[in-house]
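Q: Got a structure here, written out as structure tokens. Questions coming.
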Amino acid sequence: METKTTPQILIVSGACCSPNLIRLDQTLEQALTQALKDLNLSIEVRKVSLSAVLHNGGDLTPKQHDQITTLFNGYGVKFTPALLINEDVRFAGKPPTAEQLKAILREAVVTN
């Protein structure tokens, strides 16, 4: 029997700390929406602010929290927007294209 796992997708936004990052968030969200549409996937995308993460919010796993705080400590708000798929940061700082996202999503949706 064939089953597919549904990846968890999380966007970390830095717009709370630097309003000029809103455009980058929008670019990421548009590319992600297009990639999901092109792949005919219906996956919930969660978005959390960097501020919430730094104040131990956002309902993250310990691994997600550690990865994000490590990026923040190294790069400040410049690592946002960041995209996590499941437990791993897949893109940070520069929004990926829809084509890049489709490649990552194809890997994340595993067929057994």
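Q: Which length gain, in nm to one decimal place, applies between Asp88 and Glu29 when the Cα-Cα distance is subtracted from 0.36 nm times their residue separation?
A: The Asp88-Glu29 span can extend by a further 19.5 nm.
Q: What ³J(HN,Hα) values, in whole Hz, does the Karplus curve 6.51 cos²θ - 1.76 cosθ + 1.60 give for region 11-28 when θ = phi - 60°, with x put for Gly and Pro?
A: Ordered by residue, 3J(HN,Hα) equals 9, 9, 9, x, 4, 5, 9, 8, x, 5, 7, 4, 4, 5, 4, 5, 4, 4 Hz.
Q: Let me ask you something else. Could you state the angle between the C-alpha long axis of helix 98-108 and the longest principal axis of the C-alpha atoms of the chain, as a value from 0 to 90 degrees rounded to the nearest 10?
A: Relative to the chain, helix 98-108 is tipped by roughly 70 degrees.
Q: Considering amide H positions built from the backbone, and no H for Pro or chain starts, which residues 5 or more places from Gln8, or on another chain, come under 5 Å of its amide H?
A: Amide H neighbours of Gln8: Asn86.
Q: While we're looking at this one, here's another question. Seen from all sides and averaged, what is the projected area of the convex hull of the Cα atoms in the chain, in nm²?
A: 6.9
Q: Sticking with this one: Under 13 Å from the Cβ of Cys16, count the other residues' Cβ atoms, weight Lys and Arg +1, Asp and Glu -1, and hand me the total.
A: 0
Q: Residues with amide H under 5 Å of Phe91's amide H, sequence separation 5 or more or different chain, H placed in the peptide plane at 1.01 Å from N; which?
A: Counting only residues 5 or more places away or on other chains, the set is Leu83.
Q: Who wins for biggest fluctuation among Leu84, Leu21, Leu54 in a Gaussian network model of the chain, springs between alpha carbons below 10 Å?
A: Leu54
Q: At a 10 Å Cβ-Cβ cut-off, how would you order Asp25, Asp59, Asp38, fewest neighbours first?
A: Listed from fewest to most nearby Cβ atoms, that is Asp59, Asp38, Asp25.
Q: Oh, and also: Would you mind ranking Ile9, Ile22 by Cβ crowding within 10 Å, fewest neighbours first?
A: Fewest-to-most Cβ neighbours within 10 Å comes out as Ile22, Ile9.
Read-outs throughout are calculated quantities, based only on the coordinates presented, and are distinct from any laboratory measurement. What you see is a predicted model, and the numbers here were worked out from it, not measured in a lab. Note that we place each Cβ from the backbone using ideal geometry, even for glycine, and neighbour counts take in every protein chain shown.
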